[in-house]
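Each remark here refers to the structure printed beneath this line.
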Amino acid sequence: MRKSYFAGIVGVSIAAGLVIVAAAAAQYGSAPKPQEQAKPFTAAFFGPWNEAVAKTHVPMVKFEKTDKGLKVTVQIDNHPMDPQKPHWIEWIRIEDLEGNKLAEKAFKPTDPSPPMAEFELAATYDKLKVFEHCNVHGTWLNETAVEIK
């Protein structure tokens with residue numbers, strides 16, 4: 001009797017968990033995996049999302065010349081880092097125009113919001129590709145000219 005009662009509680013708990021996961025997926029959608037997404041979303045091409053989503057996902061980039069080369073600061077404005085929803089930025093990456101990875105930072109859902117990364121690059125560039133990947137909305141790109149202010 002006790003075993004079947006316990007098994008019933010476990011079964012109901014698992015079913016409730018699946019319902020919660022399914023509800024979250026329905027509400028927040030499902031991010032395309034980087035290898036499944038044909039091309040990154042941008043401010044001009046936001047795929048199945050809308051302009052409001054684009055505004056909170058396109059990486060904001062600042063450049064500063066240093067003695068070592070180039071300091072690049074990347075921030076994803078107004079984006080949550082929330083393990084409860086779940087919704088967060090998984091990583092930020094910088095590439096040159098040939099697609100060579102120059103720097104990358106991984107994030108955890110519990111990291112502070114807004115997600116930000118600072119990178120020191122040994123060389124300077126005319127233009128860089130800055131990517132971020134959101135677990136809900138996929139990979140976003142800001143291909144930007146390096147303008148030092």
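The values are calculated or read from the model by the stated rules, or taken from the named source; none is laboratory data. Predicted model only: the values in this text are computed from it and were never measured. Every residue, glycine among them, receives a Cβ derived from its backbone with ideal geometry; neighbour counts consider all protein chains shown.
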Worksheet, complete the sentence: Residue pairs qualifying under the 6 Å Cβ cut-off, at least six apart or on distinct chains, with the first in region 95-122 being of a type in the set (D, E, K, R) and the second being modelled with pLDDT of 95 or more and outside any strand (DSSP E or B), are D111/M81
Worksheet item: Is there any pair with a first residue in region 49-73 that is closer than 16 Å to P114 by Cβ and in contact (Cβ under 8 Å) with a residue 24 or more places away in the chain and a second that is assigned to a loop (DSSP other than H, G, I, E, B) and among the aromatic types (F, W, Y) whose Cβ atoms are under 7 Å apart and which are 6 or more apart or on different chains, and what are they?
Response: V53/F46; A54/F46
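Just to be sure, is D77 of a type in the set (D, E, K, R), under 14 Å from L128 (Cα atoms) and in contact (Cβ under 8 Å) with a residue 12 or more places away in the chain? Write out each step before concluding.
Details: of a type in the set (D, E, K, R): yes; under 14 Å from L128 (Cα atoms): no; in contact (Cβ under 8 Å) with a residue 12 or more places away in the chain: yes.
For D77, the condition - of a type in the set (D, E, K, R), under 14 Å from L128 (Cα atoms) and in contact (Cβ under 8 Å) with a residue 12 or more places away in the chain - is not met.
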Discussion item. If E64 satisfies all but one of (1) touching a Lys or Arg at 6+ places or on another chain (Cβ under 7 Å); (2) buried (at least 19 other Cβ atoms within 10 Å of the Cβ), what's the number of the condition it fails?
Written reply: (2)
Worksheet item: Filter region 69-110 for residues that are more than 29 Å from D126 (Cβ to Cβ) and assigned to a strand (DSSP E or B); which is farthest from the chain's Cα centre (by Cα)?
Response: D82
Discussion item. If I ask for residues that are closer than 18 Å to G69 by Cβ, aliphatic (A, V, I, L, M) and surrounded by 14 or more Cβ atoms within 10 Å (Cβ to Cβ), which ones from region 81-117 would you list?
Written reply: I94, L102, A103, A117
